[in-house]
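Scroll down for the structure; my scribbles are underneath it.
The values are calculated or read from the model by the stated rules, or taken from the named source; none is laboratory data. A quick note: this is a predicted structure, and the numbers were derived from the prediction, not measured. Cβ: placed from backbone, ideal geometry, glycine included. Neighbour counts: every protein chain shown.
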Amino acid sequence: MAKSRGFVAVNVEECKGCKLCVEACPVDVLHLATSFNTHGYNPSEYDGEGCTGCGVCYYACPEPGALVVFKNWEAAKDHFYSEKAQKAVELTITDPVKGLAVVEETGEEVQLYDYRQLKFVE
């Protein structure tokens, strides 16, 4: 599989399992889960590697807030602004399928699909 340049975080509770993102992905790194979300849908999941950060899945998705695509993830993960630490810190992905990461310095868990809580600094 190609080296990841991007990262896809899927909010499984917002995803309706329409499969449009799966079909649109040019590098085939998304699939529908075998499990159900609380609404009874099989949500999309990221395979965990191979994303190019192109954003085609984001634009194909009809559900606002279901997908967040990070371009240049390797560079961005070192620039997450932590309110607890009051500075830019590094994120480590703990669950690539669910889009969860942890702040190395503080141990706080971050939901990467929740763009409202994400702040990156240059």
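Would you confirm whether or not region 41-48 contains a residue that is closer than 15 Å to Pro96 by Cα and among the small types (Gly, Ala, Ser)? Please lay out each step first, then the result.
Taking region 41-48 first, the residues closer than 15 Å to Pro96 by Cα are 43-48.
Applying the additional criterion that residues be among the small types (Gly, Ala, Ser) yields 44, 48.
Scanning region 41-48 turns up at least one residue that is closer than 15 Å to Pro96 by Cα and among the small types (Gly, Ala, Ser).
Being part of a loop (DSSP other than H, G, I, E, B), among the polar types (S, T, N, Q) and either over 16 Å from the mean Cα position of the chain (by Cα) or under 14 Å from Asn11 (Cα atoms) (or both) is the filter here; which residues of region 67-111 pass it? Before the answer, list the steps.
Taking region 67-111 and keeping what is part of a loop (DSSP other than H, G, I, E, B), we get 72, 83-86, 90, 96-99, 104-108.
Narrowing further to those that are among the polar types (S, T, N, Q): 72, 86, 106.
Listed by number, the residues that qualify are Gln86, Thr106.
On the basis of being in a loop (DSSP other than H, G, I, E, B), touching an Asp or Glu at 6+ places or on another chain (Cβ under 7 Å), in contact (Cβ under 8 Å) with a residue 40 or more places away in the chain and not aromatic (Phe, Trp, Tyr), does Glu49 make the cut? Give the steps one after another, and end with the answer.
Details: in a loop (DSSP other than H, G, I, E, B): yes; touching an Asp or Glu at 6+ places or on another chain (Cβ under 7 Å): no; in contact (Cβ under 8 Å) with a residue 40 or more places away in the chain: yes; not aromatic (Phe, Trp, Tyr): yes.
No, not satisfied.
Restricting to region 18-46, what's the tally of residues that are assigned to a loop (DSSP other than H, G, I, E, B) and of a type in the set (Asp, Glu)? Step through it out loud before you land on a result.
Taking region 18-46 first, the residues assigned to a loop (DSSP other than H, G, I, E, B) are 18-19, 25-29, 33-43.
Then keep just the ones that are of a type in the set (Asp, Glu); that gives 28.
Going through region 18-46 one residue at a time, the tally reaches 1.
Return the only residue of Leu91, Leu100 being within 21 Å of Val22 (Cβ to Cβ), at pLDDT 85 or above and not assigned by TED's automatic domain parsing to the domain that holds Leu32. Let's see the steps before the verdict.
Details: Leu91 fails: within 21 Å of Val22 (Cβ to Cβ).
Matching residue, one of Leu91, Leu100: Leu100.
Criterion first (of a type in the set (Lys, Arg), at pLDDT below 90, surrounded by 16 or more Cβ atoms within 10 Å (Cβ to Cβ) and under 17 Å from Ser4 (Cβ atoms)) does Lys71 satisfy it? Lay out the reasoning, then the answer.
On the way: of a type in the set (Lys, Arg): yes; at pLDDT below 90: yes; surrounded by 16 or more Cβ atoms within 10 Å (Cβ to Cβ): no; under 17 Å from Ser4 (Cβ atoms): yes.
Criteria not met by Lys71.
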